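Presented below is the structure to which this report refers.
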């Protein structure tokens, strides 16, 4: 299954307050390798952009005046992602906006119904509990170059996330973690579950560690489930 790494920029943070998508960027990975195939559009939201959001992505209302509405690029977008596995960092955020855009455009489908969704943020939190797992933090951890990221941008961030995701899951050829964290399609869209099969190296105890382990089992008594029968 092809992977599509996706990111959006929006007019604000809350879809419930009527905020809209203004940039949509997708990068196609085939057989876990980069391709030259991209899907990228700036979108006229038909509303104002919050000042705080504009400081993050630098996109102005004037710039978007001649850009298409989401309904005009919807068919092309759905064709691009259909049957793929979407990789999104903090997937519930982007899914909430994109599903709302589909609804406003008169489409009854939700993205989860046409493709699988992997939340790379949920995966990072499982792999690195208690640590920062923003895209910038993951770039530092996996030594992914994000020096060109002065402002957020949907296509740029999708490009960076593609490199981060491949590094997180073992590189372009490793398949162990592919699809490891997927959005549960039958439950709440923010819920993730683990679906991968991981193989870890086996590090066996040395003789000293085995003796110490046995000593603790002897202290626990012969009826413990871990007690070694001699």
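For the reader, a short list of remarks on this structure follows.
- In the set (1) free of Cβ contacts under 8 Å to residues at least 40 places away in the same chain; (2) at positive phi, the condition left unmet by residue 60 is number (2).
- Scanning region 39-57 for residues that are surrounded by fewer than 16 Cβ atoms within 10 Å (Cβ to Cβ), within 30 Å of residue 84 (Cα to Cα) and either touching a helix residue (DSSP H, G or I) at 6+ places or on another chain (Cβ under 8 Å) or touching a residue at least 40 places away in the same chain (Cβ under 8 Å) (or both) returns 40, 56.
- Remark: pairs (first residue in region 121-132, in contact (Cβ under 8 Å) with a residue 12 or more places away in the chain; second residue buried (at least 16 other Cβ atoms within 10 Å of the Cβ) and assigned to a loop (DSSP other than H, G, I, E, B); Cβ separation under 7 Å; 6+ apart in sequence or on different chains) = 121/89; 121/90; 121/133; 123/180; 124/133.
- Cβ-Cβ contacts under 6 Å between residues 6 or more apart (or on different chains), taken from a first residue in region 101-117 that is at negative phi and free of Cβ contacts under 8 Å to residues at least 24 places away in the same chain to a second residue that is surrounded by 14 or more Cβ atoms within 10 Å (Cβ to Cβ) and assigned to a helix (DSSP H, G or I), are listed as 110/99.
A short reminder: the numbers here are calculations on the coordinates, not readings from a lab. Everything quoted here is computed from the prediction, not taken from an experiment. Methodologically, a virtual Cβ is constructed for each residue, glycine included, from the backbone with ideal geometry; neighbour enumeration extends over all protein chains shown.
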